[in-house]
Amino acid sequence: MFLITVQGLAAFALITLAVILKKFNVAPHVIHPMIRREISRAGIQLLPMFLFVAFMLGFLVIGQTVSVAARFGAIDYIGTVMVTVVMRELGPLLAAVLILARVGTANVIELGTARALNEVEALESLGIDPVHYLIVPRVIGITLGVFSLTIYLVLAALVSGYLFVFLQNVPLNPGDYFKELADSMNWLDFALLALKSCAFGFFIGIVTCYHGLAQPLRLQEVSRVTVRAIAQGIIACIFIDAIFIVLYLHL
Amino acid sequence: MSDNSNPVIEMRDVVIGAVNDPAFVMLEKVNWAVAPGEFWVIGAPPYSGKSDFLMTTAGLVPPVDGCYKFYGNETRIFDESRLADRLRMGFIFENASLFHHLTVAENIALPLCYHKNLEPAEGAKLVAGLLELTELKPIAEVTPANLPRSWIKRAGLARALMLQPDILVADNPLGGLEARHVYWWARFLDELSRGHKALGGKPMTIIAATDDLRPWRGANRRFALLKDKSFIQLGSWDEMASSSDPLVKELLATPAETVDAPR
C-alpha cells in the first residue's frame with residue numbers, strides 16, 4: 001500500500017511538472033488568473049497570520065535561548081541560534097505545516113468534492129485537461145506561497161527575536177545582533193532555504209491534489225482522504241527536511 | 001436524412017465496463033452504428049449501465065474490448081491528440097456536473113475561453129446569445145448551488161452546445177424535470193436534431209439515454225434498450241411501442257391491465 005502510494009505520488013508529480021512545462025502558455029487568459037488567485041490564497045491572504053506566528057516564534061526561540069545562554073555566559077550566540085533554528089529548521093517547516101493546514105485541507109476537500117460530482121469528467125468532456133485546469137494553478141500557488149511566506153516568517157522572527165532581547169535588557173545592541181546573524185549565514189543557507197521551501201510547497205500541492213483528484217471518489221469518502229492527505233503531507237515535509245539536513249551536513 | 005454508409009459512431013462487439021471499476025462488465029457485445037443526423041433514444045432502467053454506455057460512446061472511457069470507431073477512425077479514448085474529435089462531441093451529464101465555483105455564465109463560457117484563449121469579455125457576446133437561446137439569462141450570474149435541478153440541467157445543455165458540436169450525448173436529460181421543462185427540452189432537442197438556426201442550421205446527431213420513454217414519442221427518433229447486459233435495437237417509435245418486451249412496457253409506463261401479469 002505504501003509503495004503504491006509513493007509510486008502514485010511520484011507519477012502524479014511528474015505528470016504535473018510535464019503539464020506545467022508543456023502547457024504554461026495554453027489558455028493563459030483562463031489559467032493565469034487562476035494562478036494569481038491561488039498565489040493570493042496560499043500567500044497574500046495568509047500574511048497577517050504568518051506575521052503573528054513569526055513574532056511569537058521569535059519571542060519563543062530567543063526567550064528559551066536567553067534563559068539557557070545567560071546561565072553559560074553565551075549571550076553572543078543568540079544570532080547563531082536564531083539562524084540555525086529559525087532560518088534552517090523551524091521557519092520553513094512551520095510555514096509548510098501552516099499552509100498545509102490552511103490551504104492543503106481546502107484543496108483536498110474542493111478537489112474531492114469536484115471529483116465526486118463528476119466535474120473532472122465534465123472537464124474531460126469539454127476537452128480541458130483536468131491537471132492543467134485544477135492542479136497546475138494550485139501547485140504553483142502553494143509552491144510560491146510557501147516560498148514567500150517562509151521568507152516573511154524568517155525575517156519577522158529574526159526581528160521579533162531582537163525585540164525580546166531588548167525587552168529582557170540583555171546587553172546586546174542591534175548592530176551586534178544583526179552582525180551576528182549576518183556572520184552566521186552563508187550562501188548555502190539562502191540557496192537551501194529557497195530550495196527547501198519550494199520543495200515543501202510543491203509536495204504539499206502534489207499530495208493534497210493527488211488525494212483529492214487522482215482516484216474516483218464518493219462524497220462520503222472526502223473526509224477520509226482529507227485526513228490521509230494531511231498526514232501524508234506532514235510526513236512528506238519531514239522527509240524532505242531530513243534530506244536537506246543531510247545536504248547541509250555534506251555541503 | 002441518415003447516411004448509414006458513413007456512421008459517425010460505430011461499435012463492433014464492444015464490451016463496456018463500469019466507469020469506476022472497468023473490470024466489472026456492464027454491457028457485452030454492443031453492435032451499433034449511428035448515422036449523421038440520427039436521433040437515438042436509449043431506454044434503460046436505473047443501474048443498467050446507461051451512464052457507462054454513454055461515457056464510452058462519448059470517448060470519455062475506453063471500451064474494455066471490441067472496436068469503437070469515431071467518424072471511421074478506430075479509437076479507444078479521446079486523448080490530447082484527438083482534441084479536435086473530442087470537441088465535435090458535446091456531453092450532458094445526468095446531474096449536469098456544472099463547476100460549483102463558477103456562475104452559470106462562467107460555466108458556459110469556460111470551453112470557449114479555454115479553447116479560443118479569450119478573456120471573459122471577448123466571449124461575452126457568444127455566451128449571451130446562448131443564454132438567450134436557453135432562457136438562462138435571468139440566472140446567468142447565479143452559482144449552481146443556488147439553482148433548482150431543472151435549470152442546472154439546462155445550463156449543462158448550454159455548456160455542451162458552446163462549441164457547437166456535431167454530436168450531442170445526453171445522460172437522462174429529462175430525468176427529474178418539471179413538466180414545462182420536459183416540454184421545452186423535447187422541443188429544443190428536436191430543433192437541434194433538424195438543425196437549429198441559431199447554431200448554424202446544421203442537423204445535430206443526438207444520443208439520449210432515459211429511464212422513461214414516454215416523453216420521447218417522435219417520428220424521427222430511433223430507439224434502443226439496455227437490458228441484461230445487452231444493447232437491443234428497437235427501431236422507430238411505433239416498432240418500439242409495439243414491442244412485447246416487459247422492460248419496454250415498464251419504461252413506457254403502460255397501464256397494468258395491458259401488461260401480462262407475472263405467473
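Being out of contact with any helix residue (DSSP H, G or I) (no Cβ under 8 Å at 6 or more places or on another chain), of a type in the set (V, I, T) and at pLDDT 90 or above narrows it down to one of A:I243, A:I234, so name that one. Please lay out each step first, then the result.
Details: A:I234 fails: out of contact with any helix residue (DSSP H, G or I) (no Cβ under 8 Å at 6 or more places or on another chain).
The conditions single out A:I243.
Restricting attention to the range A:35-54, does a residue exist that is touching a Pro at 6+ places or on another chain (Cβ under 8 Å) and crowded, with 16+ Cβ neighbours inside 10 Å?
Yes: the range A:35-54 contains one or more residues that are touching a Pro at 6+ places or on another chain (Cβ under 8 Å) and crowded, with 16+ Cβ neighbours inside 10 Å.
Confirm whether A:S160 is more than 13 Å from the chain's Cα centre (by Cα) and within 14 Å of chain B (Cβ to nearest Cβ).
Here the answer is no, as A:S160 does not meet what is asked.
Out of curiosity, is B:K116 of a type in the set (D, E, K, R), more than 28 Å from B:G37 (Cβ to Cβ) and at pLDDT below 95?
No; evaluated as a whole, the condition is false for this residue.
If you go through the range A:37-44 one residue at a time, do you hit one that is within 14 Å of chain B (Cβ to nearest Cβ), within 13 Å of A:V131 (Cβ to Cβ) and either modelled with pLDDT under 95 or outside any loop (DSSP other than H, G, I, E, B) (or both)?
no
Is there any pair with a first residue in the range A:132-161 that is in contact (Cβ under 8 Å) with a residue 12 or more places away in the chain and surrounded by fewer than 24 Cβ atoms within 10 Å (Cβ to Cβ) and a second that is charged (D, E, K, R) and assigned to a helix (DSSP H, G or I) whose Cβ atoms are under 6 Å apart and which are 6 or more apart or on different chains, and what are they?
Note: pairs meeting the criteria are A:P137/A:E38.
Using beta carbons and a limit of 9 Å, which pairs, at least six apart or on different chains, have the first residue in the range A:162-173 and over 13 Å from A:G58 (Cα atoms) and the second one surrounded by fewer than 13 Cβ atoms within 10 Å (Cβ to Cβ) and charged (D, E, K, R)?
A:L172/A:D76
From A:V120, A:V139, grab the single residue that is away from chain B (no Cβ under 14 Å) and part of a helix (DSSP H, G or I). Walk me through it before giving the result.
Working: A:V120 fails: away from chain B (no Cβ under 14 Å).
That would be A:V139, the only listed residue that is away from chain B (no Cβ under 14 Å) and part of a helix (DSSP H, G or I).
Could you check the range A:119-139 and list, in sequence order, the residues that are of a type in the set (S, T, Y) and at pLDDT 95 or above?
Initial filter on the range A:119-139 (of a type in the set (S, T, Y)): A:125, A:133.
Of everything in the range A:119-139, just one residue is of a type in the set (S, T, Y) and at pLDDT 95 or above, namely A:Y133.
How many of the residues in the range B:223-239 are touching a strand residue (DSSP E or B) at 6+ places or on another chain (Cβ under 9 Å) and farther than 20 Å from B:D171 by Cβ?
Of the residues in that region, 4 qualify.
On the given criteria, is A:V66 in contact with a Cys (Cβ under 7 Å, 6 or more places away or on another chain) and either of a type outside the set (G, A, S) or in contact (Cβ under 8 Å) with a residue 60 or more places away in the chain (or both)? Spell out how you get there, then give the answer.
Working: in contact with a Cys (Cβ under 7 Å, 6 or more places away or on another chain): no; either of a type outside the set (G, A, S) or in contact (Cβ under 8 Å) with a residue 60 or more places away in the chain (or both): yes.
Considered against the rule, which asks whether it is in contact with a Cys (Cβ under 7 Å, 6 or more places away or on another chain) and either of a type outside the set (G, A, S) or in contact (Cβ under 8 Å) with a residue 60 or more places away in the chain (or both), A:V66 comes out as no.
Can you go through B:V182, B:V169 and tell me which one is over 12 Å from the mean Cα position of the chain (by Cα) and β-branched (V, I, T)?
B:V182
Search the range B:81-104 for residues being of a type in the set (A, V, I, L, M, F, W, C) and either assigned to a helix (DSSP H, G or I) or over 13 Å from the mean Cα position of the chain (by Cα) (or both), and hand back the single one that is farthest from the other protein chains (Cβ to nearest Cβ).
B:V104
Is one or more of the residues making up the range B:21-28 surrounded by 15 or more Cβ atoms within 10 Å (Cβ to Cβ), within 14 Å of chain A (Cβ to nearest Cβ) and out of contact with any helix residue (DSSP H, G or I) (no Cβ under 8 Å at 6 or more places or on another chain)?
Yes.
The values are calculated or read from the model by the stated rules, or taken from the named source; none is laboratory data. Here the structure is a predicted model, which is why all the values come from computation and not from measurement. Neighbour counts are summed over all protein chains in view; Cβ atoms, including those assigned to glycine, are modelled from backbone coordinates with ideal geometry.
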